[in-house]
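The values are calculated or read from the model by the stated rules, or taken from the named source; none is laboratory data. All values reported here derive from a predicted model rather than from experimental measurement. Glycine also receives a Cβ, built like all others from the backbone with ideal geometry; neighbour counts cover every protein chain displayed. All accessible areas refer to the heavy atoms of the entire protein, side chains included, with ligands and DNA or RNA removed. Shrake-Rupley method; radii C 1.70, N 1.55, O 1.52, S 1.80 Å.
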Amino acid sequence: MRAPAAPEPEGRKPSNAMSGPLRSGPSGWRRAASVLLTAGWKHRGPAGPSLSPPPAEGFRLLLLQRSKGQGFLPGAHVFPGGILDAADYSADWLSLFAPHHQPPRFSLNPSPPPRSPFPVLPADRTHAVDRALPDDVALRICAIRETFEEAGVLLLRPRASLAAAPEPARALPPPAGLAAWRAQVHRDPRQFLRFCEHLDCTPDIWALHDWSVWLTPFIQRGGRRYDTTFFLCCLSEPPPVYPDLAEVVGCKWSSPSEATESFVSKEIWLAPPQFYEIRRLENFASLSDLHKFCLDLALEEVERWLPISLLTADGRIQLLPGDELYLEDSDFLENVLTTEKKTEEIMKEGRKFHRLVIHSLNHVYSIHVTVQSKNKHVFPKNYVKMELLHSWKGPQ
Ligand SMILES: Nc1ncnc2c1ncn2[C@@H]1O[C@H](COP(=O)(O)O)[C@@H](OP(=O)(O)O)[C@H]1O
Ligand SMILES: CCC(=O)SCCNC(=O)CCNC(=O)[C@H](O)C(C)(C)COP(=O)(O)O
Ligand SMILES: [Mg+2]
């Protein structure tokens, strides 16, 4: 297996602007936040006693379809989210959260334990802005603002409410003037705070649970890279969704298995992190199971994963931490591994798997996990598309 020499790291543009997307340069790392928005789903069967068993999955997940004009992942289905803005760190939020929710933790759980240092990314513009809020509060505000901008869903709660209730949350019903405010926020993210003031609400940061962090794997020199924090939010029922018809052109609420089916049947396209997370959600039978799990996960370290691409003779494998071929080596921030072997040979040789095999970017992925999670988080169940099982039967 070979790794080419590492190129020079990307430069960074310092700035002290109070609003503006926080990225390090045209091809640098971008900090982003995204939310797996799940909602309880009542079985709307025919009236009268039902003979059929209740649905296996009592919740749905919101997927937004990106416009085909997007520079990154055009046409893909993703979770709502986007790039962190200086406005998400603004000191003006302090007075909105006061008096009930104060620094340093704003009634969130204590800070999770420090995460493992690998990988260290080049410094980004968040080092140059005036950060009045902790990272995890600003990232939650970003995810909530982006959910409003892209989907018209308001994950807000009245300022007077004291603490997060231990039940699934509710989105705010769409207020009058939503479209005009949304256009303003889209033009200037600082307007999101003004909108919250106008509604006498705060972003419902307590409804967003730490879930995972994904770094874009190295694909090509100068390619766009994201450091994306994924939160999970459980809503008791699905709110109305209004795609902005610009950045996102459609939406669907799907159960995890429906989303997988839609990907396999080529109705939708998912990037590997979204596919992995959707498969992970298949572990949960109901919204309340998922919600309890999130509360339990709160004190755990949130792992930050840099997938490493292994290019085989006939495909690509994304290696994840814990896999026997995964190397905690900073060279792989800007490099791939290559082998002359075929994917099937590599799979037959191995035992300790945490990997996603991309048989074809065109809708054929499989997930192989034989390692144990390092903390209380769940891993997806192995997922191998049926016809691939005929040629490869997994570790013996
Ligand atoms: N009307 C539109 N049509 C297509 N893409 C749009 C758009 N308005 C905004 N975008 C793109 O959506 C991305 C912003 O996403 P977010 O706010 O979620 O981070 C930006 O992409 P680029 O990052 O390629 O510039 C921006 O150009
Ligand atoms: C083989 C190709 C890949 O693995 S591409 C992986 C793409 N995903 C990421 O880089 C990390 C996950 N981040 C997201 O999905 C974000 O929500 C985003 C990148 C879609 C946000 O983009 P936006 O344009 O909304 O800022
Ligand atoms: Mg977005």
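Considering ALA123, ALA151, ALA138, ALA143, which residue is open to solvent by less than 50 Å² (accessible area, probe 1.4 Å) and touching a helix residue (DSSP H, G or I) at 6+ places or on another chain (Cβ under 7 Å)? Step through it out loud before you land on a result.
Working: ALA123 fails: touching a helix residue (DSSP H, G or I) at 6+ places or on another chain (Cβ under 7 Å); ALA151 fails: touching a helix residue (DSSP H, G or I) at 6+ places or on another chain (Cβ under 7 Å); ALA143 fails: touching a helix residue (DSSP H, G or I) at 6+ places or on another chain (Cβ under 7 Å).
Among ALA123, ALA151, ALA138, ALA143, only ALA138 is open to solvent by less than 50 Å² (accessible area, probe 1.4 Å) and touching a helix residue (DSSP H, G or I) at 6+ places or on another chain (Cβ under 7 Å).
Residue check: is PRO117 under 20 Å from ALA39 (Cα atoms) and open to solvent by 70 Å² or more (accessible area, probe 1.4 Å)? Answer is no for this residue. Could you tell me whether PRO80 is within 16 Å of ligand 2 (Cβ to nearest atom), surrounded by fewer than 17 Cβ atoms within 10 Å (Cβ to Cβ) and at pLDDT 95 or above? So PRO80 fails the test. Any residue in segment 299-312 that is in contact (Cβ under 8 Å) with a residue 24 or more places away in the chain sitting within a Cβ distance under 9 Å of a residue that is open to solvent by less than 10 Å² (accessible area, probe 1.4 Å) and of a type in the set (Asp, Glu)? List the pairs, counting only those 6 or more apart or interchain. Final answer for the pair search is ILE308/ASP323. Would segment 277-294 turn up any residue that is touching a residue at least 12 places away in the same chain (Cβ under 8 Å), open to solvent by less than 30 Å² (accessible area, probe 1.4 Å), within 16 Å of ligand 2 (Cβ to nearest atom) and more than 20 Å from GLY58 (Cβ to Cβ)? Within segment 277-294, none of the residues are touching a residue at least 12 places away in the same chain (Cβ under 8 Å), open to solvent by less than 30 Å² (accessible area, probe 1.4 Å), within 16 Å of ligand 2 (Cβ to nearest atom) and more than 20 Å from GLY58 (Cβ to Cβ).
If I filter segment 158-167 for residues that are part of a helix (DSSP H, G or I) and in contact with an Asp or Glu (Cβ under 9 Å, 6 or more places away or on another chain), do I get at least one hit? No, because not a single residue in segment 158-167 is part of a helix (DSSP H, G or I) and in contact with an Asp or Glu (Cβ under 9 Å, 6 or more places away or on another chain).
Yes or no, residue by residue, for (1) aliphatic (A, V, I, L, M); (2) touching a strand residue (DSSP E or B) at 6+ places or on another chain (Cβ under 7 Å):
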{"site": "GLN102", "(1), (2)": "no, no"}
{"site": "PRO110", "(1), (2)": "no, no"}
{"site": "ASP130", "(1), (2)": "no, no"}
{"site": "GLU149", "(1), (2)": "no, no"}
{"site": "LEU155", "(1), (2)": "yes, yes"}
{"site": "PRO175", "(1), (2)": "no, no"}
{"site": "VAL185", "(1), (2)": "yes, no"}
{"site": "HIS198", "(1), (2)": "no, no"}
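The set of residues from segment 356-378 being in contact (Cβ under 8 Å) with a residue 40 or more places away in the chain, closer than 27 Å to GLY223 by Cβ and touching a strand residue (DSSP E or B) at 6+ places or on another chain (Cβ under 6 Å) comprises LEU356, VAL357, ILE358, TYR365, ILE367.
For segment 243-257, a tally of residues being surrounded by fewer than 16 Cβ atoms within 10 Å (Cβ to Cβ) and either away from ligand 2 (no atom under 16 Å from the Cβ) or within 23 Å of HIS363 (Cβ to Cβ) (or both) returns 2.
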